[in-house]
1. Please list, or write none, the aspartates and glutamates whose alpha carbon is within less than 17 Å of the alpha carbon of Lys146, excluding same-chain residues fewer than 8 places away.
2. At q = 0.13, 0.17, 0.19 Å⁻¹, what base-10 log of I(q)/I(0) does the Debye formula yield for segment 378-493 when every alpha carbon is treated as an equal point scatterer in vacuo?
3. Take the alpha-carbon centre of segment 277-319, take the same for segment 372-413, and report the distance between them in whole Å.
4. So how much slack lies between Ala597 and Gln104, counting 0.36 nm per residue of separation and subtracting their Cα-Cα distance, in nm?
5. Looking only at Cα atoms, what is the convex hull volume of segment 87-214 per residue, in Å³?
6. Assuming a ≥ b ≥ c are the square roots of the Cα gyration tensor eigenvalues, decide whether the chain counts as rounded (a/c under 1.5), prolate (otherwise, with a/b larger than b/c) or oblate.
7. Pull out the extension gain between Glu662 and Lys146, defined as 0.36 nm times the separation in residues minus the alpha carbon to alpha carbon distance; nm, one decimal.
8. Would you list which aspartates and glutamates come within 16 Å of Lys571, measuring only between C-alpha atoms, while excluding same-chain residues fewer than 8 positions from it?
Amino acid sequence: MKPFRLRTLGLERQNKKKGRENVSDAFVTPGGATLSAGQYDGMVREAHTNPEVFWLQQARRLTWQTPPTQASRSDFTQDVRIEWYADGFLNASENCLDRHVRTQPEKTALIWEGQEAGQREVLSYRHLYERVCRLANVLRRLGVKKGDCVAIHLPMVAEGIIAMLACARVGAVHVVLFGGFSAEGLAERLTDSAAVVVLTADVARRGGKRIPSKTTMDEAIARCGAASAVRHVLVVPVTGADVPMQPGRDLRYAEEVAKEAADCPAERMNALDPLFLLYTSGSTGRPKGLVHGTGGYLTWAAFTHAVVFDYKPDDIFWCTADVSWITGHTYVVYGPLANGATIMVYEGLPSWPEPGQWWDVIDRNGVTVFYTSPTVVRAAMREDEAVVRSRSLKSLRILGTVGEPISPEAWHWFHDEVGKGHCAVVDTWWQTETGGVMITAAAGCVVPRPGAAARPLPGVEAVLLDTQGKEVAGAGEGLLCMAQSWPGQAMSIWGDHDRFRQTYFTTCPGHYFTGDGARREEDGYYWITGRVDDVVNVSGHRIGTAEIEDAIATDHEVVESAAVGIPHDLKGQGLVVFVVPREQDVFHPSAVNTAVAAGVGRYAVPEKIYVVRDLPKTRSGKIVRRLLRKIASHDLEGLGDLSTLADPDIVGELIATVKAQE
Ligand code: 6R9
């Protein structure tokens, strides 16, 4: 087993120092929770002792064309098989739309606000259903068949959500692509998924910036060359900008949907048919397309949305995540819509054109559940306190965070200033691979402890393993693994099941390995200590250091480079690159930024670049990233035994270089 690094973030220490442990006033939600703590504990016990019965029961949250008779036949050994509800049939878009149209057609499904003042659209379930059906008919007319991939490259507009559901309706596998990817990053994913149709925006907006979505997509498709399977590009008008259209291939979204009927029969899907692929970063270079199935994923989305956020029918549920992130898939779209909730979608930034935009969205729309990231909380904390204090925010009852650990300071600020002291606060730990929340203090059911991810949800069999692969009992620290499958678990990596097996099931044989380290307290509360692999988390963006290094390697002036993550006040982690150029005197570090922006995207451009003569390596040639992390964060104590390095002198030299280049 690889010698993984386990580190403690100090959150727990910080917390203990302050004497702030359980915060019971952040436990009971105003109006009371649907599930009592006792009922919740009962679910945890039932899911543990009788998982088959429990998960078949939970599957009844959905409407099945053919209900499943078996819950799981998953197996973490040998070839690895993740299979939930294998003999069940259902359609995800029918679950998110048709059944609510039957019972509550005029209920608001989606409130959308654009970033320009006054842009607002309210769609009832019936409206949303009709718009999804029109697009589904367009997709069918364009020849999209069950099992084909369709890429969605859109900002936070209603059409992004409509497109996901339209794909699900016709049985197409959607692949939502982040607006911040470079043409190269898009091309890589288009080729890997073999997407046949792409939906993109004319031009997207992000505050004062304009993002040329269509022309970037054109360049990406051109880069795919003969490997491109893209037959059509549907262009959604976001800003109404004039963009070049390739006759025969490119189509105007508005014109196409206008030609179609507002009804469209939904495809009959097996529970194991893929619903979507979503690319994420790991410790090796190539991004992996994680495959989520239909039945298990949707059950998990509906179950966790209801239980973690104490769902009530009159909620206005706002998850601020971009739809290109797994959080957007599960808690903007599938969880809340499967449960018939009203979702809030806002296109704009928290502080553009001035601070407080998101607080105004909450007040204007009566948002009751606000689910965001610690980065957003940290940024808001730095603003003048009058910004948050001048807003009422009284509609809120639950606040949530996801993506990275939240420090006790930020937790308390969120609770006191945004929640005005009366909201439940739920930190939620999970991953693209897990499909939905795994460890949390479910609102009204588990008492939160600021900084801790808290307890595994019912059916989540979390374990800690030491670096020898032995299970840690009771209180302790180790690699966070799952001993059993759960319905939301990704089924595979697109086109490469063996990579899936190797990535997640060989580090701790017989277990799913999360890539995170964690500490557990005696009473079973978990504290996430961060990634133990080479993944850096910048403002919740998961960035593989190998991806960065691969992009930099395309510059011929570079001999080699190493990217590491270091603590960052605002972003959680910042990305630092050490680069060894061919000729140190003539090399300009901006070349690194150019290579990263082109190969990955601007969002991954490093915080700091150090131009160095060499990297610290073991005698077998492995870069010792641990040393680079310490040097870059000026943490020079306990550098450890340097005698195993091929060239121990390099360490002193690097320390001096970092100092000189500050
Ligand atoms: C949903 C999502 C997953 C990685 C995960 C972990 C980190 C997410 C966290 C958290 C501490 C939390 N992470 N939530 N760390 N506390 N509440 O973020 O998915 O983009 O795949 O990232 O993010 O390191 O392994 P994804």
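1. Partners within reach: Glu94, Glu267, Asp273.
2. Normalising to I(0) and taking log10 leaves -0.61, -0.91, -1.05.
3. Cα centroid to Cα centroid, the span is 23 Å.
4. 172.8 nm
5. So the per-residue Cα hull volume is 113 Å³.
6. Cα axes put the chain in the rounded bin.
7. Between Glu662 and Lys146, full extension yields 180.3 nm more.
8. Here the aspartates and glutamates satisfying the reach criterion relative to Lys571 are Glu383, Glu404, Glu409, Glu607.
The values are calculated or read from the model by the stated rules, or taken from the named source; none is laboratory data. Owing to the predicted nature of the structure, the values given are computational and were not obtained by experimental measurement. Backbone-built Cβ (ideal geometry, glycine too); neighbour counts: all protein chains shown. SASA here: full protein model, heavy atoms, side chains in, ligands and nucleic acids out. Shrake-Rupley method; radii C 1.70, N 1.55, O 1.52, S 1.80 Å.
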